[in-house]
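J.: Here it is: the structure, laid out below.
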Amino acid sequence: MTSRTPRPPPLYRLVCLDTVESTNDEVKRLAEDGAADEWTLVWARAQTAGRGRRGRSWDSPEGNLYCSLLLRPACPPGQAAEIGFVAGLAIYDAIGSLVLPGLEAWCKWPNDVLLGDAKVAGVLLETLGTDWLVLGVGINVAHYPANTDFPATSLWEQGSPGVTVEDMLEAFCRHFLAWYNRWRAEGFGPIRAHWLQRARGLDEEISVRLPGETVTGIFTGLDDDGTLILEGPDGDRRIAAGDVFFR
């Protein structure tokens, strides 16, 4: 493992930590203490209480990327969810800029990134007050968890052991800034279109696990707000949150 300090674009205010319970929680703490401005980025080499969507535990040993970014998007809470797709595109492009040619990457609704048929990265969005958003990102660089509901993998497992956490952090920051600026200038339309070009399972049968039920249908696209459109025998169903599985 290398130990150099990453150098993201100058807009970011990087906070480097060896270990933290959760980078999302650390960003919130700094913001509540008045010690964090927009674009504060907390990066830790390991987390002791990392979490993903729906409060799930996120295995966080040293060797993977764990970071959280404080944003002030100045938009309604529902629209802020679009930033998850912005982050997905940034992760997709960052991985593509670093790994060996030939690896097949995909975006998985709502905000995961896959290599082949296995998850390599995820995003967690959390609000803070009425104006702030915390964007948490986890990318499996060297390690990946076993025995998960959806298969996982890492960049090293997929044949790119030369990629470091520092490399990945810098690449993500560059690409996120570009996509975020485009989102602010042009809205969700271009983000949605580019995300769908990279989407796993589009126009195929998928299953979506919801609280209390699992529904199956054809994934036909995204609504204007990022809601998944599932075509079933009784017509289209729009799903705002759930866990997607492929055949």
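Please treat every number below as a calculation from the coordinates, not as lab data. Nothing here was measured: the structure is a model prediction, and the numbers come from that model. Heads up, the Cβs are rebuilt from the backbone with ideal geometry, glycines too, and the neighbour counts pull from every protein chain shown.
J.: Tally Lys and Arg at +1 and Asp and Glu at -1 over the other residues with C-beta under 9 Å from the C-beta of Thr19: what net charge comes out?
T.: Residues near Thr19 contribute -2 overall.
J.: I've got another one for you. Have a look at Thr148, Thr227, Thr23 and tell me which one the Gaussian network model of the chain (Cα, springs below 10 Å) gives the largest fluctuation.
T.: Looking only at Thr148, Thr227, Thr23, the biggest GNM fluctuation is shown by Thr148.
J.: Compute the angle between helix 165-186 and the longest alpha-carbon principal axis of the chain, please, reported from 0 to 90 degrees and rounded to the nearest 10.
T.: Value to nearest ten degrees: 60.
J.: Just the ratio, please: alpha-carbon radius of gyration of segment 13-197 over 2.2 N^0.38 Å, N its number of residues.
T.: 0.96
J.: Using Cα springs under 10 Å in a Gaussian network model of the chain, which residue among Gly226, Gly88, Gly159 shows the largest mean-square fluctuation?
T.: Gly159
J.: Then there is this: What does the charge dipole of segment 1-44 about its Cα centre add up to, to the nearest 20 debye, if the Cβ of each Lys and Arg holds +1 and the Cβ of each Asp and Glu holds -1?
T.: Using only the charged Cβ atoms, the result is roughly 300 debye.
J.: Positive end of the dipole of the chain, charges at C-beta (+1 Lys, Arg; -1 Asp, Glu), about the Cα centre: which of Ala80, Gly187, Leu69 has its Cα farthest in that direction?
T.: After comparing all options, I get Leu69.
J.: Have a look at Ala35, Ala94, Ala199 and tell me which one the Gaussian network model of the chain (Cα, springs below 10 Å) gives the largest fluctuation.
T.: In the Gaussian network model the winner is Ala35.
J.: Multiply the residue gap between Ala193 and Thr153 by 0.36 nm, knock off their C-alpha separation, and tell me the result in nm, one decimal place.
T.: 11.8 nm
J.: Here's a follow-up. Per q in 0.11 1/Å, what log10 I(q)/I(0) does a Debye calculation on the alpha-carbon atoms of segment 93-168 return?
T.: For segment 93-168 at q = 0.11 Å⁻¹, log10 I(q)/I(0) is -0.30.
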